[in-house]
1. Restricting to the range A:78-98, name every residue that is within 26 Å of residue A:150 (Cα to Cα) and touching a residue at least 60 places away in the same chain (Cβ under 8 Å).
2. Tell me the residue from A:358, A:402 that is part of a helix (DSSP H, G or I), without any contact (Cβ under 8 Å) to a residue 12 or more places away in the chain and out of contact with any Cys (no Cβ under 6 Å at 6 or more places or on another chain), please.
3. Restricting to the range B:46-62, and then to whatever is surrounded by fewer than 20 Cβ atoms within 10 Å (Cβ to Cβ) and within 16 Å of ligand 2 (Cβ to nearest atom), can you tell me which residue is farthest from residue B:184 (Cα to Cα)?
4. Of the conditions (1) within 14 Å of chain B (Cβ to nearest Cβ); (2) at pLDDT below 90; (3) not in a loop (DSSP other than H, G, I, E, B), residue A:1 satisfies every one except a single condition; which number is it?
5. Can you say whether residue B:259 is more than 14 Å from every other protein chain (Cβ to nearest Cβ), within 16 Å of ligand 2 (Cβ to nearest atom) and either outside any helix (DSSP H, G or I) or in contact with a helix residue (DSSP H, G or I) (Cβ under 8 Å, 6 or more places away or on another chain) (or both), as far as the supplied structure shows?
6. Under 27 Å from the mean Cα position of the chain (by Cα) and modelled with pLDDT of 75 or more: is that true of residue A:124 in this structure?
7. Taking the condition under 21 Å from residue A:260 (Cβ atoms), more than 14 Å from chain B (Cβ to nearest Cβ) and either within 34 Å of the chain's Cα centre (by Cα) or charged (D, E, K, R) (or both), does residue A:316 pass?
8. With respect to residue A:347, is the statement that it is crowded, with 17+ Cβ neighbours inside 10 Å, closer than 16 Å to residue A:257 by Cα and small (Gly, Ala, Ser) true?
Amino acid sequence: MNPILVMALKDLRLLFRDKLGAFFIIGFPILMGLFFGLVMGSPTSSVSQGKMKIAVVDLDQSETSSKWVSFMAKHESIELEELDFDTARESVRKGGRVAMLVLKKGFGETAGVFWREPPTIQVGVDPSRAMEAAMLQGMVMEGIGQLAGQRMMDSSSMNDMIARSRADLVADETISAGNRLLLNTFFASLEKMQNSIGALQADSDESSAGSLGAGGFEFANIESIDVSRKIDPKSQAAQLPRLKSRWDISFPQAMMWGVLGCVAGFAVSIARERTQGTMTRLQIAPITRSQVLLGKALACFLSVVLVVVFMVGLGVFLGMRPGNYLTLAFAALCVAICFTGIMMIMANLGKTEESVNGAGWAINMVMAMVGGAMIPVMFMPQFMQGLSYLSPIKWGILAIEGAVWRDFDFAEMMLPCGILLATGVIGVVVGTTILTKE
Amino acid sequence: MSIPAVTITALSKSFGDLRAVDDLSFSVQNGETFGLLGPNGAGKTTTISLLIGLLRPDHGSVVLGKTESRDPGNPAFATVRQSVGVAPQALSIYEALTAKENLEFFGQLYGLSGAKLKERVAWCLDFAQLAERAKTRAGTFSGGMKRRLNMAVALIHEPSILLLDEPTVGVDPQSRNHIFESIQTLREQGMTILYTTHYMEEAQRLCERVAIMDHGKLLAMDTVENLLSQFGGDSIITADLQSIPSGVEIPGARSGNRIRFVAPRPLEEVAKLSSKGVAFQTLNVIQPDLESVFLKLTGRNLRDG
Ligand SMILES: Nc1ncnc2c1ncn2[C@@H]1O[C@H](COP(=O)(O)OP(=O)(O)OP(=O)(O)O)[C@@H](O)[C@H]1O
Ligand SMILES: [Mg+2]
């Protein structure tokens with residue numbers, strides 16, 4: 001077997017024999033990932049559990065329009081608030097609400113009446129939340145459908161409407177005699193049907209009425225309002241809605257703690273070879289010094305890959321759905337190379353296990369805090385976000401997130417991955433050079 | 001015994017102002033067991049480190065093994081290293097690995113694998129008397145067990161030159177005996193052994209030739225026998241006498257029945273006295289050993305530092 005591989009396998013074995021080391025690499029990340037994932041809550045559940053925030057602008061202020069608003073408000077997946085037009089639009093633009101609905105003047109007259117031109121509802125949806133918008137559109141239609149259903153059920157208002165429509169018909173001279181006859185017959189039969197329904201006192205529930213809307217009939221014209229985002233794409237409001245699961249933020253973050261555990265563990269193991277005297281044997285064995293160090297590097301690389309694979313596996317088991325596994329593999333590779341390089345530099349921080357461990361974790365903590373392994377970068381104050389660019393952890397998380405939920409394309413991956421690769425290569429070269437010169 | 005396995009020529013190494021090894025020259029013949037004797041700080045470990053290339057000499061040179069044109073005996077060469085086994089004075093084993101795993105790992109570093117590796121591991125476990133504890137982590141071993149494993153690891157790749165730096169420190173007498181027997185077996189198999197110690201009796205028992213060093217300098221080098229006769233001095237005889245016939249002259253000092261005297265050939269003296277009718281109640285003869293050789297050479301006891 002190649003001596004580098006022999007070294008690496010031995011070091012992996014040693015790493016997992018060390019209980020505390022293994023805890024930092026696997027146990028701690030699991031706890032972190034689960035804890036923050038649970039704290040964060042699930043973004044998908046917020047859609048289905050009545051938390052889709054919608055603004056309604058009721059310019060009609062009629063009985064029908066407020067009825068429709070109350071239908072919508074009853075929907076369990078919607079949190080509705082009536083606002084004026086500008087406030088509503090601003091709140092959608094800033095990411096505070098998913099969408100705004102505008103009922104124009106005259107809505108009440110035509111909504112839910114089959115034979116009239118359907119009412120126009122203006123909808124402004126946050127462009128980053130297309131999925132929710134589609135759901136909302138369905139609900140809007142359903143609301144109108146309910147309105148229509150209720151109008152039919154409510155005999156007096158229906159009869160009243162039929163009477164009024166008949167009067168309109170009589171007054172409207174543009175309607176030809178033939179058509180007028182046809183419509184009159186239609187109204188008459190409609191009146192008859194309406195009365196018999198009233199007599200039956202149909203205890204119909206709203207859903208059966210709602211199903212009228214689902215029958216393919218166009219209840220309303222949906223007109224869109226431009227609410228193009230005014231918000232900074234780096235803000236939480238821009239990023240959070242794209243999350244696909246509650247583990248999307250916590251797991252990439254937690255992984256980094258495992259990665260840092262590997263870094264500290266292997267940096268210390270190089271010092272330990274010295275203190276326990278085994279470095280002597282390695283030096284007098286028929287292998288070169290760089291083979292010894294490359295063995296360490298390989299072991300570190302493999303363990304980082306292992307941590308990422310394990311955490312992704314656990315995340316997927318819990319419901320995380322990485323967008324692109326190929327990109328994820330590439331990200332993991334870059335993370336592993338980067339932190340292997342950092343490990344090789346860190347190994348030079350001291351001669352004893354204690355000094356390397358102390359200095360190593362001090363640096364690790366700074367990298368982790370600044371890089372967003374504790375508090376995600378997007379939740380940090382502005383100046384801290386600026387500082388985070390200096391931490392390899394930030395780039396590691398970004399690369400992993402790019403593959404998991406940010407849906408980065410190849411070009412977008414190149415920035416974090418390029419930085420990770422460069423850091424790694426520099427680290428391995430510099431670290432190995434110093435270590436072999438001793 | 002004509003081809004030297006180890007040749008050291010005018011070797012010097014300083015740490016700052018301290019001359020740890022000072023113009024040292026000696027050679028160890030092929031198949032010889034050679035003792036390097038000296039008190040703490042004499043420079044034994046430094047000499048070993050220079051021999052295996054862990055340290056670079058300030059002056060002088062080191063040649064290991066057969067000197068061929070392609071293989072200049074420089075310990076920096078992998079082929080040279082392959083033929084050398086070292087049991088460092090400082091324990092150098094992985095405490096988190098078991099005895100077996102330690103042996104397997106180092107065996108693989110020396111290119112062993114498969115059945116050969118298995119066979120060597122078993123041999124070494126047996127050598128170190130650790131077969132029953134093969135699957136126990138070395139960290140839980142007693143000091144003596146670790147020491148034995150440390151020595152066994154040096155033998156995993158069947159080296160032709162074995163460098164043992166105080167291999168018996170902290171080993172109980174029984175295990176020490178086992179180690180001595182094993183070393184004697186290795187010697188019979190033709191292995192060249194360089195053995196450092198400050199236990200004179202070990203050198204006396206194991207080594208054909210001994211070099212005595214102090215403060216980095218070689219003081220004397222010869223067979224044990226020659227060293228004793230050259231530097232050992234006289235034996236010391238103490239005895240309690242039962243009766244002394246009148247007229248018999250008693251050598252040395254006397255107080256009451258007890259006598260004490262020195263003589264180059266103690267047994268002849270005792271026989272002479274006996275034949276004159278002196279009856280002995282007790283008799284104690286202290287023969288010179290390497291300890292006394294060292295005392296003679298340096299004016300100091302070996303272990304007082
Ligand atoms: N790396 C070093 N740096 C500085 N001084 C050293 C170093 N190694 C050894 N020395 C010094 O060199 C001298 C010889 O040390 P060495 O270890 O060779 O002695 P030794 O004969 O092996 O002693 P012992 O019987 O105690 O093992 C000592 O005075 C020691 O302090
Ligand atoms: Mg020593």
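1. Within the range A:78-98, A:78 is the sole residue that qualifies.
2. A:358
3. Filtering the range B:46-62 for residues that are surrounded by fewer than 20 Cβ atoms within 10 Å (Cβ to Cβ) and within 16 Å of ligand 2 (Cβ to nearest atom), the one farthest from residue B:184 (Cα to Cα) comes out as B:55.
4. (3)
5. So residue B:259 does not fit the description; no.
6. yes
7. no
8. No, not satisfied.
The values are calculated or read from the model by the stated rules, or taken from the named source; none is laboratory data. As the structure is a prediction and not an experimental result, all values here were calculated from the model. Positions of Cβ are backbone-derived with ideal geometry, glycine not excepted, and every protein chain shown enters the neighbour counts.
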